[in-house]
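Student: The structure follows.
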């Protein structure tokens, strides 16, 4: 949620002992909120954990899908711009979002499930690749880590095959070396190969990698990623804002999003990063048993309820919470 001005080059910094707890959330764009709800809850089996508005443009939805508890690390979110044309990922944009599953048997389950719903898949190199209805690149990979699985419940998806949270994201970058100083020496990412990194905290980790961009410029729109957020310990957040600012990133001040606090900036390859705190979380203003069932507005936006309820797209009821 939010924008940031263009970046400048990162400066030399001493390596940090702070670490992000992997990916906090990935925010994307949809032009069809009802279809989006159906795909991510009914097909992929995620739980709609927060139905709210884009705090920078409260005339449009911000929908959050995650595990049963609305955990950071499992949270794919969407801004809805009704009728938005499909976009196309290009240089400086995330093009693929990866989720973990528990086994090769889970990959086989998902290939059969997705193909049975008319979704084309490709299984290669241990990765099941497919697209959501608006062309967003998704993939499932067998988990290689001991992180706690972050799963949601769905009557058609055995718990051992459920999505387990994010594995990582891949972006296009024409000059990936421009980002290395920031990633490794400022943000604490560890290189795992050519143009690939892992960031790992005490409990969770996540992957980030660059690929050669396609010809032509990227076009933001439905089916594209708006930003990727990295999970910060609450007490370290102000220090992260200071570090990235001193490294030459034109970072925003800390912004209170009510469910977490945020800092935004564009990293040198052009991808919009957010740094988001782990707390306080989505249960601060809803009964955890009923997450996502009602339109929830942060207190600062409650006075707009009458206006926004008239402009937002009617949505199908999300799947009922299962105890």
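The values are calculated or read from the model by the stated rules, or taken from the named source; none is laboratory data. Since we're looking at a predicted model, the values are computed, not measured. Here Cβ is always computed from backbone atoms with ideal geometry, including for glycine, and neighbour counts include all displayed protein chains.
The rows are residues; the columns are (1) farther than 23 Å from residue 185 by Cβ; (2) over 18 Å from the mean Cα position of the chain (by Cα).
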| residue | (1), (2) |
| --- | --- |
| 259 | yes, no |
| 268 | no, yes |
| 275 | no, no |
| 295 | yes, yes |
| 299 | yes, yes |
| 311 | yes, yes |
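Student: Just the residues that are under 22 Å from residue 260 (Cα atoms) and in a loop (DSSP other than H, G, I, E, B), please, taken from segment 54-93. Steps first, please.
Tutor: Quick first cut of segment 54-93, residues under 22 Å from residue 260 (Cα atoms) only: 54-80.
Correct list: 55, 56, 67, 68, 69, 70, 71, 72, 73, 74.
Student: Check segment 13-36 and report whether any residue there is surrounded by fewer than 20 Cβ atoms within 10 Å (Cβ to Cβ) and not in a loop (DSSP other than H, G, I, E, B).
Tutor: There is at least one residue in segment 13-36 that is surrounded by fewer than 20 Cβ atoms within 10 Å (Cβ to Cβ) and not in a loop (DSSP other than H, G, I, E, B).
Student: Then there is this: Can you tell me which condition residue 181 does not meet? The list is (1) in a helix (DSSP H, G or I); (2) surrounded by 21 or more Cβ atoms within 10 Å (Cβ to Cβ), and all the others hold.
Tutor: The single condition residue 181 does not satisfy is (2).
Student: Answer yes or no: is there a residue in segment 302-310 that is modelled with pLDDT of 95 or more and touching a helix residue (DSSP H, G or I) at 6+ places or on another chain (Cβ under 6 Å).
Tutor: no
Student: Let me ask another. Out of (1) touching a helix residue (DSSP H, G or I) at 6+ places or on another chain (Cβ under 9 Å); (2) surrounded by 18 or more Cβ atoms within 10 Å (Cβ to Cβ), the odd one out for residue 158 is which?
Tutor: If we test residue 158 against (1) touching a helix residue (DSSP H, G or I) at 6+ places or on another chain (Cβ under 9 Å); (2) surrounded by 18 or more Cβ atoms within 10 Å (Cβ to Cβ), just (2) comes out false.
Student: Examine segment 190-202 for a residue that is closer than 11 Å to residue 20 by Cβ, in contact with a strand residue (DSSP E or B) (Cβ under 7 Å, 6 or more places away or on another chain) and not in a strand (DSSP E or B), and state whether such a residue exists.
Tutor: Looking through segment 190-202, none of the residues is closer than 11 Å to residue 20 by Cβ, in contact with a strand residue (DSSP E or B) (Cβ under 7 Å, 6 or more places away or on another chain) and not in a strand (DSSP E or B).
Student: Does residue 167 fit the bill of being at pLDDT 95 or above, assigned to a loop (DSSP other than H, G, I, E, B) and on the phi < 0 side of the Ramachandran plot?
Tutor: Spelling it out, it is not the case that residue 167 is at pLDDT 95 or above, assigned to a loop (DSSP other than H, G, I, E, B) and on the phi < 0 side of the Ramachandran plot.
Student: Also: Going through 138, 163, 123, 150 one at a time, which residue ends up being in contact with a helix residue (DSSP H, G or I) (Cβ under 7 Å, 6 or more places away or on another chain) and either closer than 25 Å to residue 39 by Cβ or surrounded by fewer than 17 Cβ atoms within 10 Å (Cβ to Cβ) (or both)? Even if it seems obvious, please write down each step before you answer.
Tutor: On the way: 138 fails: in contact with a helix residue (DSSP H, G or I) (Cβ under 7 Å, 6 or more places away or on another chain); 163 fails: in contact with a helix residue (DSSP H, G or I) (Cβ under 7 Å, 6 or more places away or on another chain); 150 fails: in contact with a helix residue (DSSP H, G or I) (Cβ under 7 Å, 6 or more places away or on another chain).
On inspection, the qualifying residue turns out to be 123.
Per-residue answers, yes or no, for (1) within 30 Å of residue 84 (Cα to Cα); (2) in contact (Cβ under 8 Å) with a residue 40 or more places away in the chain:
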residue	(1), (2)
105	no, yes
128	yes, no
134	yes, yes
150	no, yes
158	no, yes
174	yes, yes
180	no, no
188	no, yes
197	no, no
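Student: Filter segment 271-280 for residues that are assigned to a strand (DSSP E or B) and either in contact with a helix residue (DSSP H, G or I) (Cβ under 9 Å, 6 or more places away or on another chain) or loosely packed, with under 15 Cβ neighbours inside 10 Å (or both) and give the result.
Tutor: Passing the criteria: 273, 275, 276, 277.
Student: Just wondering, is there one or more residues in segment 43-53 that are more than 23 Å from residue 256 (Cβ to Cβ) and in a helix (DSSP H, G or I)?
Tutor: yes
Student: Checking residue 96 against (1) within 15 Å of the chain's Cα centre (by Cα); (2) at pLDDT 95 or above; (3) closer than 23 Å to residue 301 by Cα, which test does it fail?
Tutor: Here residue 96 clears every test but (3).
Student: Just to verify a result, which residue in segment 131-148, among those that are part of a strand (DSSP E or B) and under 17 Å from the mean Cα position of the chain (by Cα), is farthest from residue 30 (Cα to Cα)?
Tutor: So, considering only residues that are part of a strand (DSSP E or B) and under 17 Å from the mean Cα position of the chain (by Cα), the one farthest from residue 30 (Cα to Cα) is 141.
Student: Ok, one more. Could we say that residue 96 is touching a strand residue (DSSP E or B) at 6+ places or on another chain (Cβ under 6 Å), assigned to a strand (DSSP E or B) and free of Cβ contacts under 8 Å to residues at least 60 places away in the same chain here?
Tutor: Against the criterion (touching a strand residue (DSSP E or B) at 6+ places or on another chain (Cβ under 6 Å), assigned to a strand (DSSP E or B) and free of Cβ contacts under 8 Å to residues at least 60 places away in the same chain), residue 96 does not qualify.
Student: While we're here: Within segment 281-323, count every residue that is assigned to a loop (DSSP other than H, G, I, E, B) and within 28 Å of residue 170 (Cα to Cα).
Tutor: Residues in segment 281-323 being assigned to a loop (DSSP other than H, G, I, E, B) and within 28 Å of residue 170 (Cα to Cα): 1 in total.
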